[in-house]
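S.K.: Structure provided below as structure tokens; questions to follow.
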Amino acid sequence: MTDKQNRKPRLPQGLPSREAILEFIQGSDTPAGKREIAKAFGLKGQEKILLKARLKDMAEEGLIDGKRTAYHRMGGVPKVTVLRAVDLEDGELVAIPDAWEPEDGGKPVRLTVKESKKVAALKRGDRFLARTEETPRGWIAHPMKKLPARTEGMMGVVELDGTGKPWLAPVDKRVRNSAPISDLGGAEPGELVLAERVGKSVRGPVKVVEVIGDPLAPKAFSLIAIAKHGIPHVFAEEALAEAKRAAALPLSTADREDLRNVPIIAIDPADARDHDDAIWAEPDGEGGYRAIVAIADVSFYVRPGGALDREARKRGNSVYFPDRVVPMLPEILSADVCSLVEGADRAAMACHLRISPEGKVTKHRFTRAIVRLAANIAYEDAQAAIDAGDAPETLQNLWGAWKLLFAAREARDPLELELPERQVKLNEAGRIEEIALRERLDAHRVVEDFMIAANVAGAQALEAKTAPVVYRIHEAPSRDKLMALRDYFATLGKKLALGQVITPGLFNRMLKDISDEAEKALVMEAVLRSQMQAYYGPANAGHFGLSLASYAHFTSPIRRYADLLVHRALVDAYKLEQPKPNGDLPEMTGLSERDKTALHQITDAISQTERRAMEAERDTIDRYVAAWLADRVGQEFDTRITGVQSFGFFATIMGLGGDGLVPVSTLGREHFRYDEKAQALVGADSGTIYATGDRLRLKLAEANPLTGALKFEVPGSDGMAIERRGERVGPRRKPPIVKDKGAPRQSHTTGKRGRPGNIRHQGKGKKR
């Protein structure tokens, strides 16, 4: 084949018509801008000027959109453009143009993202460069490059400096600098607002797009977290309508096991908003127990392919704040129809367990059932009844079965770390009443071990049927983390041999051998830092922390989408499908084909939403703690160092859990060297050491409720004092320059121009 045959056919020369331009733009394999169009049609000189005018007319007529460098058909998208992943539909990632600004205000084009092995895995919120293609089935995006994350919106409080200029003070403690506000949007000083940047500069001004109100008002802290982390908190109308229809579904005893006569009870926190699980046990006469773990049958109401399912998958999980819950499901389901409450008939997925005298689950089976709970009991009340010795037989049997499960747990030797949980109690007005560490009771362990047994049974049951499984995976520490742990242990005089099999029991034995509480805290912090983050996935890698080979979340489908997927898989595997419903609801309650084929993508997405929820919950607790301490600035507290960096160390208030920074500049006038292996700051002159795990008395220097940030100082230190945030002064300006009339404009002070007087001109010299 000759070069001539390889060439593309020449287009008619001369100024092209509107139709010809449109045809060329749509058929071009590369972005088609003014230059490309002119070259394709052989335009020169005056013709280029006429083309520019024609393109402008076509844009005004709504035929094309874009810029001079890349046009595209109106209503379409450029051939190569930046997209943002926004949703997961039927197992496929969906994206929209990152900068969608149509003149008619229409909805953005939605593109189905085709995965590429050359581009890192994408998730909701990611920005990426993509080649686009319009097909009969819709727009397709082919990712070319994943782009760095960008903050879409900024939340902060309006502050005025000494000159009256407005600034946006961030509510994210990781953002250090305030931003100038060019447009207040009606906001007043002191109000919490949502803003966006004006222009592309990260240091440029911002404009207020939404006024939220008083940042310290009741329930404002959770609103800050919801906005900051982009947590969906408003249900779509179609999802709410479907929830009402689903709530009206009748329960049929013909297709369900009737367990209403079994005295099943739910043990939950006193302030629980929903009740996923309930338990029952009785002796089997052979030293073991028969038990039932009844879980809300959410799969019966939330069916694949419906609006409810899309909404639940988008959220991934419920998010729990001290002042509110952002549920995964509408309240009519989460707090009512699906919730297992005393004296009401409820649909349940029943896990029947046979517990041996050694505490092992020897048999398990799953049924769809109807239950009627005998009681809803708070943890504290159940524990008090057991301690008093007057607990009803139902509770006594649960404790008896648990003792067997607990013995098996100890033999398994899972990782045992003391991780205190902070509890924020609010009064009726939404103000902080108390912040304390939640007490760990045997009642908590009873429920926990029953749930673990049911979760293991769920995973094993699906494996036995070679069905899809959404595993809860916690991998063993990586070699890099273990090497860092070994180096740190060496500074404490302890050895960690990497040649041995690393098990949770190894860490447990290390902790048990330590009698000194301060040293124990050091080792526990180090072990915790070495652990991998748990996630969801269809490929089993075991659960290191629980020392289990197979583990799947099954027991909380009201608040976790992963559990709902496991329920659906059990429906398919054990043929537990219910009769088709009347009305406008999806027919099936098992896994959809899309879910089966896209399980990797779905589990990646819900792992991300879980991390988002954890960060939002932690941020909110931090803000409440800071608000609690705001009136106690200047007081001293007993603290423990939880982390050390070159710029300072972090300390936690004992018994409260508020984490704060001690900047290295406040420690003293001497230089402090950062010892990374020992996780310590060492004074160059005094030899003073601040190391992870150390206990010391610190003075609270700052408590910022808006960011949740705390700062401490070492009492009596001769270091720099911490400047209180707020009370912004105006920017430091140089004195104005007095200029003669007619002098050129200048923005900075200049002296005599040219070479300094003490430098002589040497000339060019000769080339060498």
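S.K.: Which condition number in (1) within 25 Å of the chain's Cα centre (by Cα); (2) small (Gly, Ala, Ser); (3) assigned by TED's automatic domain parsing to the domain that holds residue 434; (4) surrounded by fewer than 20 Cβ atoms within 10 Å (Cβ to Cβ) is the one that residue 583 fails?
M.R.: Condition (1) is where residue 583 drops out.
S.K.: Here is a list of conditions, (1) in contact with a strand residue (DSSP E or B) (Cβ under 7 Å, 6 or more places away or on another chain); (2) among the basic types (Lys, Arg); (3) farther than 19 Å from residue 414 by Cα, and residue 472 meets all of them except one; can you say which number that is?
M.R.: (3)
S.K.: Could you please give the count of residues in the stretch 200-221 that are in a loop (DSSP other than H, G, I, E, B) and loosely packed, with under 15 Cβ neighbours inside 10 Å?
M.R.: The first filter runs over the stretch 200-221 and keeps only residues in a loop (DSSP other than H, G, I, E, B), leaving 200-205, 214-219.
Filter once more, keeping what is loosely packed, with under 15 Cβ neighbours inside 10 Å: 200-204, 214, 217, 219.
The qualifying residues number 8.
S.K.: Kindly indicate which of 87, 183 is under 30 Å from residue 213 (Cβ atoms), of a type outside the set (Ser, Thr, Tyr) and modelled with pLDDT of 85 or more. Explain how you work it out, then say what you get.
M.R.: Numbers: 87 fails: modelled with pLDDT of 85 or more.
Criteria check complete, one pass: 183.
Each row is one residue, and each column tells you yes or no for (1) out of contact with any Asp or Glu (no Cβ under 7 Å at 6 or more places or on another chain); (2) closer than 18 Å to residue 348 by Cα.
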site	(1), (2)
556	no, yes
561	yes, yes
578	no, yes
590	no, yes
596	yes, no
604	yes, no
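S.K.: Spot the failing condition for residue 539; the list is (1) closer than 22 Å to residue 491 by Cα; (2) in contact (Cβ under 8 Å) with a residue 60 or more places away in the chain, and only one is missed.
M.R.: (1)
S.K.: Scan the stretch 4-22 residue by residue and report those that are surrounded by 14 or more Cβ atoms within 10 Å (Cβ to Cβ) and at pLDDT below 75. Talk me through it step by step, then tell me what you get.
M.R.: Of the residues in the stretch 4-22, the ones surrounded by 14 or more Cβ atoms within 10 Å (Cβ to Cβ) are 11, 15-16, 18, 20-22.
Once the filter is applied, which keeps residues that are surrounded by 14 or more Cβ atoms within 10 Å (Cβ to Cβ) and at pLDDT below 75, the stretch 4-22 yields 11, 18, 22.
S.K.: Still on this structure, I have one more. With respect to the numbered conditions (1) exposed (fewer than 14 other Cβ atoms within 10 Å of the Cβ); (2) of a type outside the set (Gly, Ala, Ser); (3) in contact with a Gly (Cβ under 7 Å, 6 or more places away or on another chain), which one is the sole condition not fulfilled by residue 238?
M.R.: Among (1) exposed (fewer than 14 other Cβ atoms within 10 Å of the Cβ); (2) of a type outside the set (Gly, Ala, Ser); (3) in contact with a Gly (Cβ under 7 Å, 6 or more places away or on another chain), the lone unmet condition for residue 238 is (3).
S.K.: Scan the stretch 45-58 and tell me whether some residue there is over 25 Å from residue 113 (Cβ atoms), of a type in the set (A, V, I, L, M, F, W, C), exposed (fewer than 12 other Cβ atoms within 10 Å of the Cβ) and at pLDDT 65 or above.
M.R.: yes
S.K.: All but one of (1) farther than 18 Å from residue 537 by Cβ; (2) at pLDDT 90 or above hold for residue 604, so report the exception by its number.
M.R.: Against the list (1) farther than 18 Å from residue 537 by Cβ; (2) at pLDDT 90 or above, residue 604 comes up short only on (1).
S.K.: Same structure, new question: Are any of the residues in the stretch 417-430 touching a Leu at 6+ places or on another chain (Cβ under 7 Å) and in a helix (DSSP H, G or I)?
M.R.: Among the residues of the stretch 417-430, not one is touching a Leu at 6+ places or on another chain (Cβ under 7 Å) and in a helix (DSSP H, G or I), which makes the answer no.
S.K.: To continue, here is another question. Out of everything in the stretch 279-312 that is within 30 Å of residue 404 (Cβ to Cβ) and acidic (Asp, Glu), what residue ends up being surrounded by the most Cβ atoms within 10 Å (Cβ to Cβ)?
M.R.: That would be 297.
S.K.: From the residues in the stretch 153-199 that are in contact with a Ser or Thr (Cβ under 8 Å, 6 or more places away or on another chain) and assigned to a loop (DSSP other than H, G, I, E, B), which one is surrounded by the most Cβ atoms within 10 Å (Cβ to Cβ)?
M.R.: 171
S.K.: Sticking with this one: What is the residue count in the stretch 453-469 for residues that are assigned to a helix (DSSP H, G or I), crowded, with 22+ Cβ neighbours inside 10 Å and out of contact with any strand residue (DSSP E or B) (no Cβ under 8 Å at 6 or more places or on another chain)?
M.R.: Counting residues in the stretch 453-469 that are assigned to a helix (DSSP H, G or I), crowded, with 22+ Cβ neighbours inside 10 Å and out of contact with any strand residue (DSSP E or B) (no Cβ under 8 Å at 6 or more places or on another chain) gives 1.
S.K.: Further, regarding this structure: Mind listing just one residue for me: the one in the stretch 304-333 that is of a type in the set (A, V, I, L, M, F, W, C) and over 18 Å from residue 613 (Cβ atoms) and, of those, modelled with the lowest pLDDT?
M.R.: Initial filter on the stretch 304-333 (of a type in the set (A, V, I, L, M, F, W, C)): 307-308, 312, 319, 321, 325-326, 328-329, 332-333.
Next, only the ones that are over 18 Å from residue 613 (Cβ atoms) stay: 307-308, 332-333.
Values: 307: 92, 308: 95, 332: 96, 333: 96.
Across the stretch 304-333, the extreme among qualifying residues is 307.
S.K.: As an exercise: evaluate residue 651 against (1) touching a Gly at 6+ places or on another chain (Cβ under 9 Å); (2) surrounded by fewer than 20 Cβ atoms within 10 Å (Cβ to Cβ); (3) modelled with pLDDT of 90 or more; (4) of a type outside the set (S, T, N, Q) and give the number of the one condition it does not meet.
M.R.: In the conditions (1) touching a Gly at 6+ places or on another chain (Cβ under 9 Å); (2) surrounded by fewer than 20 Cβ atoms within 10 Å (Cβ to Cβ); (3) modelled with pLDDT of 90 or more; (4) of a type outside the set (S, T, N, Q), residue 651 misses (2) alone.
S.K.: Taking residue 394 as the residue in question, decide whether it is in a helix (DSSP H, G or I), under 23 Å from residue 355 (Cα atoms) and either of a type in the set (S, T, N, Q) or not assigned by TED's automatic domain parsing to the domain that holds residue 575 (or both). Show your work before the answer.
M.R.: Numbers: in a helix (DSSP H, G or I): yes; under 23 Å from residue 355 (Cα atoms): yes; either of a type in the set (S, T, N, Q) or not assigned by TED's automatic domain parsing to the domain that holds residue 575 (or both): yes.
Answer is yes for this residue.
S.K.: Quick one: count up the residues across the stretch 709-726 that are closer than 14 Å to residue 626 by Cβ and modelled with pLDDT of 80 or more.
M.R.: Taking the stretch 709-726 as the starting set, the residues that turn out to be closer than 14 Å to residue 626 by Cβ are 709-712, 724-726.
Still in the running and modelled with pLDDT of 80 or more: 709-712.
Qualifying residue count for the region: 4.
S.K.: Do we find a residue being within 27 Å of residue 335 (Cβ to Cβ), in a helix (DSSP H, G or I) and either among the hydroxyl-bearing types (Ser, Thr, Tyr) or at pLDDT below 95 (or both) anywhere in the stretch 554-566? Explain how you work it out, then say what you get.
M.R.: Step one: list which residues in the stretch 554-566 are within 27 Å of residue 335 (Cβ to Cβ), which gives 554-566.
Checking the rest, the ones that are also in a helix (DSSP H, G or I) come to 561-566.
When the remaining residues are screened for being either among the hydroxyl-bearing types (Ser, Thr, Tyr) or at pLDDT below 95 (or both), the result is 561.
Scanning the stretch 554-566, I find at least one residue that is within 27 Å of residue 335 (Cβ to Cβ), in a helix (DSSP H, G or I) and either among the hydroxyl-bearing types (Ser, Thr, Tyr) or at pLDDT below 95 (or both), so the answer is yes.
S.K.: Assuming residue 218 fulfils every condition listed in (1) more than 30 Å from residue 627 (Cβ to Cβ); (2) touching a residue at least 24 places away in the same chain (Cβ under 8 Å) apart from one, which condition is it?
M.R.: (1)
S.K.: Of the residues that make up the stretch 440-450, is at least one part of a loop (DSSP other than H, G, I, E, B) and either in the same structural domain as residue 387 (by TED's automatic domain parsing) or touching a Cys at 6+ places or on another chain (Cβ under 8 Å) (or both)?
M.R.: yes
S.K.: Does any residue of the stretch 392-400 turn out to be hydrophobic (A, V, I, L, M, F, W, C), out of contact with any His (no Cβ under 9 Å at 6 or more places or on another chain) and at pLDDT below 95? It would help to see each step written out before you state the result.
M.R.: If we filter the stretch 392-400 for residues that are hydrophobic (A, V, I, L, M, F, W, C), which is where we start, we get 395, 398-399.
Of the ones still in play, those that are also out of contact with any His (no Cβ under 9 Å at 6 or more places or on another chain) are 395, 398-399.
Keeping just the survivors that are at pLDDT below 95 gives none.
The answer is no; no qualifying residue exists.
S.K.: Evaluate the stretch 222-231: report whether one residue or more is at negative phi, surrounded by fewer than 16 Cβ atoms within 10 Å (Cβ to Cβ) and out of contact with any helix residue (DSSP H, G or I) (no Cβ under 6 Å at 6 or more places or on another chain). Can you show your working first?
M.R.: Restricting attention to the stretch 222-231, the residues satisfying the condition of being at negative phi are 222-229, 231.
Now narrow it down to the ones that are surrounded by fewer than 16 Cβ atoms within 10 Å (Cβ to Cβ): none.
Checking the stretch 222-231: not a single residue is at negative phi, surrounded by fewer than 16 Cβ atoms within 10 Å (Cβ to Cβ) and out of contact with any helix residue (DSSP H, G or I) (no Cβ under 6 Å at 6 or more places or on another chain).
S.K.: Now for a separate question. Give the residues of the stretch 685-708 that are free of Cβ contacts under 8 Å to residues at least 24 places away in the same chain and either closer than 17 Å to residue 628 by Cβ or in contact with a strand residue (DSSP E or B) (Cβ under 6 Å, 6 or more places away or on another chain) (or both), sorted by residue number.
M.R.: So the first thing to find is which residues in the stretch 685-708 are free of Cβ contacts under 8 Å to residues at least 24 places away in the same chain, and the list is 685-689.
Selection gives 689 alone.
Each row is one residue, and each column tells you yes or no for (1) touching a helix residue (DSSP H, G or I) at 6+ places or on another chain (Cβ under 8 Å); (2) within 27 Å of residue 559 (Cα to Cα); (3) assigned to a strand (DSSP E or B); (4) touching a residue at least 40 places away in the same chain (Cβ under 8 Å).
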position: 309; (1), (2), (3), (4): no, yes, no, yes
position: 328; (1), (2), (3), (4): yes, yes, no, yes
position: 367; (1), (2), (3), (4): no, yes, yes, yes
position: 411; (1), (2), (3), (4): no, no, no, yes
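The values are calculated or read from the model by the stated rules, or taken from the named source; none is laboratory data. Note that the structure is predicted; figures quoted are calculated from it, not measured. When we count neighbours, we look across all protein chains shown, and the Cβ atoms used for this are built from the backbone with ideal geometry, even at glycine.
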